[in-house]
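Undergrad: Just dropping this structure here.
The values are calculated or read from the model by the stated rules, or taken from the named source; none is laboratory data. In this text the structure is predicted, and so the values were computed from the model without any measurement. No Cβ is skipped: glycine too gets one built from the backbone with ideal geometry, and neighbour counts run over all protein chains shown.
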Amino acid sequence: MLGKVRQLWKKLLIRRLRRAGMRISPDCRIIGRRTVWGSEPYLIEIGKHVTISNDCIFVTHDGGTWVFRDRPEFRGVARFGTIRILDNCFIGARTIILPGVTIGPNAVVGAGSVVRKDVPPGEVHAGNPARFITTVEDYAERSRERSPHLDWHGSEKRKRAMLEATFWGKG
């Protein structure tokens, strides 16, 4: 039942974001409900097979122009930029993506990162500001080496038992 509720919520969210003008693929995975899509969601594009983790923030404008915008020579000055996340990307929890950034394809952004520059295809970036960590290929190989190689798909109960046995010696 909970799975069906999550699927319905995701469909409604994607429909709402599209109505606001966001370009978003239907096969995205949006985790959690507190991601902030900014005041200009119509400047955001999310490609196919993208995961957006919990509590991310998309910033499509530079609010700092408020400081000088009332001066006659800067009246009406505002800075905006698109945010594009191309196909097959993963955006870690609590990542902040600033205006004018393109990520991927096939890129990973680590949790808690502040992305102010483009992330090239096939790279892992993390930190504040986000910087190159490794390639996705190297990350994949290291992940395979460190993986407990568990076959749990389809059962949360089985997954829990296998992980507890692996990490706590229970089972």
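Undergrad: Only residues in region 121-132 that are within 15 Å of Arg94 (Cβ to Cβ) and modelled with pLDDT of 95 or more count as the first member; pair them with residues that are of a type in the set (Lys, Arg) and part of a loop (DSSP other than H, G, I, E, B), Cβ under 8 angstrom, at least 6 apart or cross-chain, and list the lot.
TA: Pro129/Arg116; Pro129/Lys117; Ala130/Arg116; Ala130/Lys117
Undergrad: Cβ-Cβ below 8 Å, separation at least six or inter-chain, first residue in region 34-46 and closer than 16 Å to Thr95 by Cα and free of Cβ contacts under 8 Å to residues at least 24 places away in the same chain, second assigned to a helix (DSSP H, G or I) and not aromatic (Phe, Trp, Tyr): which pairs?
TA: Trp37/Leu17
Undergrad: Within region 44-69, how many residues turn out to be in contact with a Pro (Cβ under 8 Å, 6 or more places away or on another chain) and not hydroxyl-bearing (Ser, Thr, Tyr)?
TA: Residues flagged as in contact with a Pro (Cβ under 8 Å, 6 or more places away or on another chain) and not hydroxyl-bearing (Ser, Thr, Tyr) within region 44-69 amount to 5.
Undergrad: In region 22-30, is there at least one residue being part of a loop (DSSP other than H, G, I, E, B) and loosely packed, with under 12 Cβ neighbours inside 10 Å?
TA: yes
Okay, residues lined up against (1) over 29 Å from Arg23 (Cα atoms); (2) surrounded by 14 or more Cβ atoms within 10 Å (Cβ to Cβ); (3) hydrophobic (A, V, I, L, M, F, W, C):
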residue	(1), (2), (3)
Ile91	no, yes, yes
Gly100	no, yes, no
Val115	no, yes, yes
Glu123	no, yes, no
Gly169	yes, no, no
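Undergrad: For Val124, which of the numbered conditions (1) assigned to a strand (DSSP E or B); (2) over 15 Å from the mean Cα position of the chain (by Cα) fails to hold?
TA: It fails just one condition, (2).
Undergrad: Of all residues in region 75-99, count the ones that are at pLDDT below 95 and touching a Ser or Thr at 6+ places or on another chain (Cβ under 8 Å).
TA: 3
Undergrad: Only one of Gly81, Gly112, Gly92, Gly104 is without any contact (Cβ under 8 Å) to a residue 24 or more places away in the chain and not acidic (Asp, Glu). Can you tell me which?
TA: Answer to the check: Gly112.
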